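Participant: So that we are looking at the same thing, I have put the structure below in structure tokens.
What follows draws every value from the coordinates through simple rules; no lab data is involved. As the structure is a prediction and not an experimental result, all values here were calculated from the model. Note that each Cβ is placed from the backbone with ideal geometry, even for glycine, and that neighbours are counted across all protein chains shown.
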Amino acid sequence: MSLKEDANWPRAAAWLKPADGATADIAVFGVPANSTSISVTGADKTPGAIRGALQRYSLQSSAGDLGVLIARDFGDIEDPDRNEAATSALAERLTNEARLSVALGGDNSITFAVARHLQGGLITFDAHHDIREGVSNGSPVRRLIDEGGFDPKRIVQIGINDFSNSPEYSRRAKALGITVITREELASRSAEDVVAQALEIAGPNTHVDFDVDVCDRAFVPACPASAPGGISAFELRNFANLVARSENVRSIDITEIDAAMDSPDQRTIRLGALLILEAAKGLLSR
């Protein structure tokens with residue numbers, strides 16, 4: 001990518017510097033998992049693509065200059081599909097060291113390894129419940145519950161969409177006590193109200209999973225399971241900003257983008273990059 005440089009217009013890509021031992025406000029790392037995905041995906045290419053897309057954005061926001069925050073990049077986990085322990089170890093370390101850690105997927109299977117150490121609350125922005133049997137991008141929420149560290153009554157799933165889940169898994173989510181805020185319900189509520197409810201239920205030590213297929217397919221063509229009628233790109237950006245304002249939110253992940261499937265304008269990858277910046281904007285507002 002060749003873009004004209006301007007000393008008065010620093011790029012977000014330059015702000016996200018390689019880890020250098022400095023204490024970070026935001027710690028970013030890649031988890032390029034893809035081999036257990038239900039749909040064939042090139043999501044392993046996505047962490048690098050999102051980092052590249054930061055080149056297109058600045059650090060100016062309505063909350064102020066993100067440049068006052070220290071952002072560090074801790075690289076990618078090697079072979080994360082067969083090395084969940086390494087992902088969990090780095091996630092735990094960065095959650096303890098930084099004010100907010102950000103994991104770049106990879107498919108949604110990473111949520112299990114990234115969040116498991118918190119043993120707290122979980123908020124998902126997702127069209128799907130992710131409580132399937134087995135190990136896949138459709139099972140991380142069930143795995144977190146089964147391991148015992150996550151009480152399903154402290155799990156909130158936002159954006160669950162009609163025709164994207166089976167009746168059986170919907171029944172199981174209800175029986176477990178998971179709070180479900182459907183895509184239909186989102187149409188009649190403010191984002192602030194939804195986030196306030198979710199944060200109250202999830203409580204301290206919360207992880208937030210941004211499965212980008214919660215968005216309308218027009219905005220996210222690189223998400224294999226996205227459907228027409230999901231939320232807008234702006235809505236997801238706003239949710240990232242709002243949740244990151246809370247001290248209870250310790251970490252987030254950005255998942256289910258297949259960089260190899262994106263449109264020529266890279267709209268999905270660019271949204272992934274903007275979610276990092278929106279979360280940083282929320283952190284700046286704490």
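Participant: How far, in degrees from 0 to 90, does helix 267-284 lean away from the longest principal axis of the Cα atoms of the chain, to the nearest 10?
Facilitator: The angle comes out at about 80 degrees.
Participant: Quick one: Debye curve from the C-alpha atoms of segment 76-144, no solvent, what's log10 I(q)/I(0) at q = 0.11, 0.23 Å⁻¹?
Facilitator: Debye output, listed in q order: -0.24, -1.08.
Participant: Quick one: P(r) of segment 12-284 from all Cα-Cα pairs, 5 Å bins, percents rounded to integers, in order of increasing distance.
Facilitator: It works out to 1, 6, 14, 20, 22, 19, 12, 4, 1, 0, in whole percents.
Participant: What three numbers, in Å, describe the spread of the alpha carbons of segment 126-202 along their principal axes, ordered from the longest?
Facilitator: 35, 28, 20
Participant: Sort 113-123, 60-70 for me by packing, meaning the mean count of neighbouring Cβ atoms within 10 Å per residue, highest on top. Don't skip to the answer; put the middle values down first.
Facilitator: Values: 113-123: 24.4, 60-70: 14.5.
Packing order, densest peptide first, comes out as 113-123, 60-70.
Participant: ³J(HN,Hα) across segment 148-160 via Karplus (A = 6.51, B = -1.76, C = 1.60, θ = phi - 60°), whole Hz, x for Gly/Pro?
Facilitator: Working through the residues one at a time gives x, x, 10, 6, x, 6, 10, 10, 10, 10, 10, x, 3 Hz.
Participant: So for segment 130-183, taking the charge dipole from beta-carbon charges (+1 Lys/Arg, -1 Asp/Glu), which of Gln157, Ile131, Ile145 sits furthest toward the positive end?
Facilitator: So the residue we want is Gln157.
Participant: Whole Å is fine, so just give me how far the alpha carbon centre of segment 230-271 lies from that of segment 135-188.
Facilitator: 19
Participant: Find the centroid of the Cα atoms in segment 88-114 and in segment 1-61, then give the distance between the two in whole Å.
Facilitator: 15
Participant: Summing Lys, Arg as +1 and Asp, Glu as -1, what charge do residues with Cβ under 11 Å from the Cβ of Gln55 carry, Gln55 excluded?
Facilitator: Net of charged neighbours comes to +3.
Participant: Just to verify a number: FRET efficiency for Glu247 and Asp20, C-beta to C-beta distance, R0 = 30 Å, to 0.05?
Facilitator: 0.70
Participant: Using the Cα centre of the chain as origin and beta-carbon charges of +1 (Lys, Arg) and -1 (Asp, Glu), tell me which of Ala86, Gln55, Ala244 is placed farthest towards the positive end of the dipole.
Facilitator: Towards the positive end, the residue furthest out is Ala244.
Participant: By how many nm would the segment from Arg286 to Ser35 lengthen if fully extended, with 0.36 nm per residue of separation less the alpha-carbon distance?
Facilitator: So the extension gain works out to 86.6 nm.
Participant: Please state the charge dipole magnitude for the chain, taken about the Cα centre, from unit charges on C-beta atoms (+1 on K and R, -1 on D and E), reported in debye and rounded to the nearest 20. Each step should come with its number before you reach the end.
Facilitator: Working: 29 positive and 40 negative charges, 77 e Å.
For this selection, approximately 360 debye.
Participant: Follow-up. According to a simple spin-label model (label point 7 Å from Cα along Cα-to-Cβ), what is the distance in nm between Lys174 and Ala196?
Facilitator: 2.8
Participant: Could you tally the net charge around Arg142, taking each other residue with its Cβ under 10 Å from the Cβ of Arg142, Lys/Arg +1 and Asp/Glu -1?
Facilitator: Once all neighbours under 10 Å are counted, the net charge is -1.
Participant: Looking only at the chain, where both bridge partners belong to it, what percent of the DSSP beta bridges are antiparallel (to the nearest 5)?
Facilitator: Around 5 percent of the beta bridges assigned by DSSP in the chain are antiparallel ones.
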